[in-house]
Amino acid sequence: MTLRRRTPWRRLAALLLALSAMPGGAAAQDPCADHIPQARPQNASRDIVGQDIDAIQERGYITIAVYEDFPPYSWMEEGEPTGIDVDIARLIADSLGVEARIKLVDAAETLDADLRNNIWQGPVTGGGVSNIMMRVPYDARFACRVEQVVFTGQYAAEEIAIAYGLSEYPEDPPTPPYFRFDTVAVENDSIADFYLGAFPGGQLRDQVRRHPTMAEAMASLNAGEVMAAMGPRAQLEYHADPAETGVHVPPLPGFAVGRWELGVGIHFAYRPLAYAVDDAIWAALDDGRIAAIHAAYGVTHLPPNR
């Protein structure tokens, strides 16, 4: 039996679908209006003790968790962590005057579990928490539910887009209704997969080609095996052949959450660290360093709503 590798986009799809189904009303004005405070967590890992900003600067390094095997955001290349999130993590560490120690971590079944394993409690077996976790989606309703984490430092946004072969669409780029007849590649169990599969009447299902990762979906487009691919814009741009491929953001009727903000997660007990990290990110957004990091990987930086 082949085990299906979890990717952050799979559990993000489940989170966004759940959030889009939450009732409106009072929550539209106060996202925490219907929240019931959680019981105080027990048996948290002892290794979080003493990791405030003063202790971090005294010891000279900060631990930062990023997702493994997740280009263009974070992956290993020639034995070294690389990617957009890795470069931003190092920028944060430089601002604090310490070394960045990057930890590449696997994605758990849910975002809640990622934060529990990497920020406020630690995994069940082996390893420990990190001071910061990168690429944490920000939603005010979700932030109310996870009281053990400070959600801050929004440094980019992500949105769903379509990559397409320029030779296949020489005039107008495709929109989802095109995929009644044209083939489109997606990452299996991703937001794009769920959206296309749920298109009214199941009209698009026969033309959807599912792949284990977005990189493989884009490889099939670059090889001419499909006419288009749908997924997060940054991944499409990074893996696209710019001479042969266009990328655009079409209207997505019925898509509840097609864009989301990305920031960092920090243990709730260390607010001064959270403030310092947010200041570092704000400064790097203001002077263009974060946009330049994205450009270095051939990716458009979408400024976050902060």
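The values are calculated or read from the model by the stated rules, or taken from the named source; none is laboratory data. Computed from a predicted model, the values in this text were never measured in an experiment. Glycine also receives a Cβ, built like all others from the backbone with ideal geometry; neighbour counts cover every protein chain displayed.
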Of all residues in the range 114-144 being in contact with a helix residue (DSSP H, G or I) (Cβ under 8 Å, 6 or more places away or on another chain) and in a helix (DSSP H, G or I), the one that is farthest from Val277 (Cα to Cα) = Arg141
In the range 286-306, residue farthest from Tyr73 (Cα to Cα) [restricted to those that are of a type in the set (A, V, I, L, M) and surrounded by 19 or more Cβ atoms within 10 Å (Cβ to Cβ)] | Ile290
Kindly indicate the residue of the range 242-282 that is in a loop (DSSP other than H, G, I, E, B) and among the β-branched types (Val, Ile, Thr) and also nearest to Ser220 (Cα to Cα) among those meeting that condition.
-> Val249
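Here's the yes/no breakdown for (1) among the basic types (Lys, Arg); (2) surrounded by 18 or more Cβ atoms within 10 Å (Cβ to Cβ); (3) at pLDDT 70 or above:
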| residue | (1), (2), (3) |
| --- | --- |
| Leu16 | no, yes, no |
| Ala39 | no, no, no |
| Gln51 | no, yes, yes |
| Val66 | no, yes, yes |
| Asp85 | no, yes, yes |
| Gly97 | no, no, yes |
| Arg101 | yes, no, yes |
Residue list for the range 64-93, restricted to those being without any contact (Cβ under 8 Å) to a residue 24 or more places away in the chain and either out of contact with any strand residue (DSSP E or B) (no Cβ under 7 Å at 6 or more places or on another chain) or outside the structural domain of Ile281 (by TED's automatic domain parsing) (or both) = Glu77, Glu78, Gly79, Glu80
If we keep only residues of the range 244-297 that are under 21 Å from Gly231 (Cβ atoms) and of a type in the set (Asp, Glu), then the residue nearest to the chain's Cα centre (by Cα) is Glu261
For the range 198-230, the count of residues that are within 22 Å of the chain's Cα centre (by Cα) and part of a helix (DSSP H, G or I) equals 6
Check whether at least one residue in the range 111-130 is surrounded by fewer than 21 Cβ atoms within 10 Å (Cβ to Cβ) and of a type in the set (D, E, K, R), and report yes or no.
-> yes
Restricting attention to the range 175-197, the residues that are more than 19 Å from Gly258 (Cβ to Cβ) and part of a helix (DSSP H, G or I) number exactly 1
In the range 221-273, which residues are within 21 Å of Ile88 (Cα to Cα) and charged (D, E, K, R)?
-> Arg233, Glu237, Arg259, Glu261, Arg271
State whether the residues of the range 141-163 include one that is of a type in the set (Ser, Thr, Tyr) and either crowded, with 20+ Cβ neighbours inside 10 Å or touching an Asp or Glu at 6+ places or on another chain (Cβ under 8 Å) (or both).
-> yes
Neighbours by Cβ (under 6 Å, 6+ apart or cross-chain): first from the range 243-268, in contact (Cβ under 8 Å) with a residue 60 or more places away in the chain and surrounded by 14 or more Cβ atoms within 10 Å (Cβ to Cβ); second among the β-branched types (Val, Ile, Thr) and in a loop (DSSP other than H, G, I, E, B) = Pro250/Thr175
